[in-house]
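Undergrad: Shown below is the structure under consideration.
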Amino acid sequence: MQRIGVLMPNWVGDAVMATPALSALRGFYRSAQIVGIMKPVIAELLAGSELFDHIVPYDPRNPNERYRFWAAVWTTRAWKLDQFFCFTNSLRASLFAALSGARQRWGWSGGVRRFLFCRGAVAVKRGTPREPVSAVDFYLSIVRTAGIDAERRPVFLATRPKDEVAADEALRRLGLDDRSLLVLNPGAAYGPAKMWPAEYFAALARRWVHQFPSNVLVLCGPNERDVAFQIERLAGDDRVRSLASFEPDLGRNKACLRRARLVISTDSGPRHIAAAFGVPTVVLFGPTDPRWSENYHPWQRVVSLKLPCQYCARRTCPLKHHRCMRNLTVEQVWPTAVELWHARQTSTRAS
């Protein structure tokens with residue numbers, strides 16, 4: 001029986017965009033043991049998807065030594081892997097692959113990394129100023145270098161029964177009905193440059209519940225509670241509530257996103273989670289080029305101003321005005337959201 005290791009990306013959105021490549025691996029090596037090396041939050045994200053047989057926790061920035069580089073390397077080596085797929089293109093990740101003990105190693109091998117892999121992926125390195133390449137296609141190209149016929153397919157995730165129970169309890173406590181639910185995702189772990197102003201989200205939510213018989217749930221991660229509280233307070237309506245008062249729970253957030261009829265999100269992880277469940281999504285783009293994070297979701301719409309200074313990919317606005325998001329008004333977002341809401345409802349009834 002073959003043993004295959006996969007070093008996963010660190011960002012939630014990138015991990016979701018890796019699922020087509022992971023599915024191709026699972027389909028090709030049906031009897032293999034697949035070991036995932038990843039941050040605990042990524043393991044939580046992928047829980048229930050049955051993509052991995054075993055997990056090696058790895059987070060080089062975690063203060064706990066058991067998650068650090070050398071601990072994870074030695075745990076990985078103990079599996080005596082036959083192949084290793086590196087879905088992270090940093091030099092440290094490439095070194096991890098080289099130390100894994102696997103005879104065959106696959107990853108992006110630009111520069112000195114060409115000595116650490118069998119051969120590199122065909123894709124252009126992500127993060128360069130060259131022609132943008134979607135993360136979905138980047139990960140697929142790495143898998144193809146191993147001779148696997150990996151076709152592009154939808155991103156996907158799964159929820160566990162406990163995730164659904166947690167979502168039930170949260171929505172019950174908030175007094176929200178999930179039969180017609182709009183989910184707002186205002187956060188962006190990458191940096192504040194991706195964020196749409198809280199007052200804009202609040203104005204949109206307030207207008208939404210007055211026009212449609214629905215409820216609005218404001219999602220948040222551990223570092224976004226203040227923003228979620230602010231949106232809830234500014235909206236000033238019992239039909240607009242947030243998860244800010246709850247302990248962080250990615251599984252619960254997944255289940256809430258799965259139930260949404262529409263998601264309006266910044267360019268961050270939850271938009272990809274929504275895509276993985278086929279939920280219609282409006283994505284608000286500021287400093288990042290949408291082509292880097294294309295997940296090929298048919299019910300996704302991009303709203304962007306395309307200013308001359310846009311797509312700088314900086315965590316904070318280098319010009320200090322943040323116009324790419326601040327000049328993107330509720331009036332500009334509203335028609336796309338309403339159109340997608342009605343189009344999806346019509347499609348659901350027709351099917």
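The values are calculated or read from the model by the stated rules, or taken from the named source; none is laboratory data. All values reported here derive from a predicted model rather than from experimental measurement. As a convention, Cβ positions derive from the backbone with ideal geometry for all residues, glycine included, and neighbour counts pool all protein chains shown.
Undergrad: Can you name every residue in the range 58-76 that is under 15 Å from SER100 (Cβ atoms) and either among the small types (Gly, Ala, Ser) or not in a loop (DSSP other than H, G, I, E, B) (or both)?
TA: The answer is PHE69, TRP70, ALA71, ALA72, VAL73, TRP74, THR75, THR76.
Undergrad: Can you tell me which residues in the range 175-185 are under 19 Å from ALA274 (Cβ atoms) and modelled with pLDDT of 95 or more?
TA: LEU176, LEU181, LEU182, VAL183, LEU184, ASN185
Undergrad: Scanning for something modelled with pLDDT under 90 and within 18 Å of ALA244 (Cβ to Cβ), does the range 190-205 turn up at least one residue?
TA: Yes, because at least one residue in the range 190-205 is modelled with pLDDT under 90 and within 18 Å of ALA244 (Cβ to Cβ).
Undergrad: Turning to a different aspect of this structure: All but one of (1) in contact with a Lys or Arg (Cβ under 7 Å, 6 or more places away or on another chain); (2) under 29 Å from VAL279 (Cα atoms); (3) at pLDDT below 85 hold for VAL133; which doesn't?
TA: The single condition VAL133 does not satisfy is (3).
Undergrad: Step by step: first the residues of the range 143-188, then only those that are of a type in the set (Gly, Ala, Ser) and touching a Leu at 6+ places or on another chain (Cβ under 8 Å), then the one that is nearest to PHE285 (Cα to Cα). Which residue is that?
TA: Of all residues in the range 143-188, those of a type in the set (Gly, Ala, Ser) come to 146-147, 150, 158, 166-167, 170, 175, 180, 187-188.
After this cut, where a residue has to be touching a Leu at 6+ places or on another chain (Cβ under 8 Å) as well, the list is 150, 170, 187.
Values: ALA150: 29, ALA170: 29, GLY187: 13 Å.
Looking at the filtered set, the residue picked out is GLY187.
Undergrad: Please enumerate the residues belonging to the range 226-285 that are under 19 Å from LEU45 (Cα atoms), small (Gly, Ala, Ser) and touching a helix residue (DSSP H, G or I) at 6+ places or on another chain (Cβ under 8 Å).
TA: GLY251, ALA255, ALA260, SER265, SER268, GLY269, ALA274, ALA275, ALA276
Undergrad: Here is a further query. Given the condition among the hydrophobic types (A, V, I, L, M, F, W, C) and in contact (Cβ under 8 Å) with a residue 60 or more places away in the chain, answer yes or no: does some residue in the range 54-62 qualify? Outline the logic, then answer.
TA: To start, the set of residues in the range 54-62 that are among the hydrophobic types (A, V, I, L, M, F, W, C) comprises 55-56.
Next, only the ones that are in contact (Cβ under 8 Å) with a residue 60 or more places away in the chain stay: none.
No - not one qualifying residue is present in the range 54-62.
Undergrad: Further question on the same structure: Among the residues of the range 55-105, which ones are acidic (Asp, Glu), surrounded by 14 or more Cβ atoms within 10 Å (Cβ to Cβ) and over 26 Å from ASP137 (Cβ atoms)?
TA: Of everything in the range 55-105, just one residue is acidic (Asp, Glu), surrounded by 14 or more Cβ atoms within 10 Å (Cβ to Cβ) and over 26 Å from ASP137 (Cβ atoms), namely ASP59.
Undergrad: Here's something else I'd like to know. Does any residue of the range 31-40 turn out to be crowded, with 23+ Cβ neighbours inside 10 Å and either of a type in the set (Lys, Arg) or under 19 Å from ALA275 (Cβ atoms) (or both)?
TA: No.
Undergrad: Of all residues in the range 229-252, count the ones that are under 19 Å from the mean Cα position of the chain (by Cα) and over 17 Å from ASP177 (Cα atoms).
TA: Number satisfying all stated conditions: 4.
Undergrad: When you look at PHE52, is it at pLDDT 90 or above, buried (at least 18 other Cβ atoms within 10 Å of the Cβ), among the hydrophobic types (A, V, I, L, M, F, W, C) and not in a helix (DSSP H, G or I), yes or no?
TA: yes
Undergrad: Which count do you get for residues in the range 306-322 that are under 20 Å from PHE201 (Cβ atoms) and crowded, with 16+ Cβ neighbours inside 10 Å?
TA: Count: 2.
Undergrad: Just give me the residues in the range 178-206 being assigned to a helix (DSSP H, G or I), in contact with a Lys or Arg (Cβ under 7 Å, 6 or more places away or on another chain) and of a type in the set (A, V, I, L, M), in sequence order.
TA: Residue satisfying the conditions is ALA193 alone.
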